[in-house]
Amino acid sequence: MAASLLAGCFAAAACRADQLPPALDEIVVTAERAGPGMWHVHRGAANVWILGSISPLPRDITWRSKQVESVLESTSQVLVQKPLEISIPRILWMLIADRKYLMVGKGKKLRDVLPPDLYRRFAAQRSNVGEDADKWERYRPIIAVAFLQRDAFHQVNLSMRLDLGAALRVLAKKHGVRVEEIKVAGVSDMLEALKTMPAATERTCVEASLTTIESGLPRLVDRAQAWAVGNVERIENLPELKDVDACRTALDAGKGALDVIGRIRQTWLENIEKYLRSAGTTIAVVNLDMLLERGGLLDELRAKGYEVDPP
């Protein structure tokens, strides 16, 4: 998660997004989509409506939710994740000051630091997306595979750049509702995670990304389609790849700077609870996986005695 966030922002600002022929059936979105309904968390006169976001989503999706607009009529504030603040000057500074955490270094290339079996898989998928044999060779494994995964998503018309938080900001402004940005992780957090990531964890997550590219794209397409039509049950019943679970477990077990996922989860819980302690209505945009996972935000809120009504 940490590497994908960092590399996704870095790639969007500094690299070319190639248009590639589809390897699977493309998602075709021809009408506005509302996504899933909202979870209603409440106690007494306090109400928090939670909209679940996922990534990747279809690149050409048009999102609009009449339910969200209706709830906004009586909403006091909207909670959205603060965007990662990254710019060309910041990227240049990263390449100078933090280069050693993004690149292989010491005159080596990716093929010199990845285990042979993983490198063969990486090279095969790089060829499949139409890139030359030296592309991304100077990046450390977890960054290089994040770039590769981005291009594989593009092949099936998926993107990680659709921001429901940004869309909700526009709607909130239209309705005169205050927007509160929740800082859950920034570029500095991503870099700190990369600095302290054990080699074993990095290999586990590289393998997870490669497995996703090799065999997990149909699941992501299916998941994106289910989100677009509001089928939460279908999303819950799509089994996660074992390698991806292993990566998430490794990251969740991290300590200190590496514990990005745990800190994001705790930050959202604290902010949602803050607005459940007083009367009023709030809308929050939260990652869907963080809501639905076992022991996730919805389970924690239920355990604390709040009523949680499903969409």
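Data overview
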| read-out | value |
| --- | --- |
| Net charge of neighbours whose Cβ lies under 11 Å from the Cβ of Val78, counting Lys and Arg as +1 and Asp and Glu as -1 | +1 |
| Cross-link pairs Lys274/Lys304; Lys82/Lys135; Lys66/Lys174; Lys109/Lys195 - those with Cα-Cα distance over 22 Å | Lys82/Lys135 |
| Square roots of 5 times each gyration tensor eigenvalue, C-alpha, region 131-286, largest first, Å | 30, 21, 16 |
| Residue-level accessible surface for Phe153, protein heavy atoms, 1.4 Å, Å² | 10 Å² |
| Accessible area of region 159-240 belonging to carbon and sulfur atoms, whole % at 1.4 Å probe | 48 percent |
| For Arg138, net neighbour charge (Lys/Arg +1, Asp/Glu -1) across residues whose Cβ lies under 14 Å away | +4 |
| Rounded accessible area per residue of region 193-246, 1.4 Å, Å² | 44 Å² |
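The values are calculated or read from the model by the stated rules, or taken from the named source; none is laboratory data. It should be emphasised that the depicted structure is a prediction, and the values quoted were computed from it without experimental measurement. Using ideal geometry, Cβ is built from the backbone for each residue, glycine included, and neighbour counts are taken over all protein chains shown. For the accessible areas, the whole protein counts, side chains as well, though only heavy atoms, and no ligand, DNA or RNA atoms are used. Shrake-Rupley method; radii C 1.70, N 1.55, O 1.52, S 1.80 Å.
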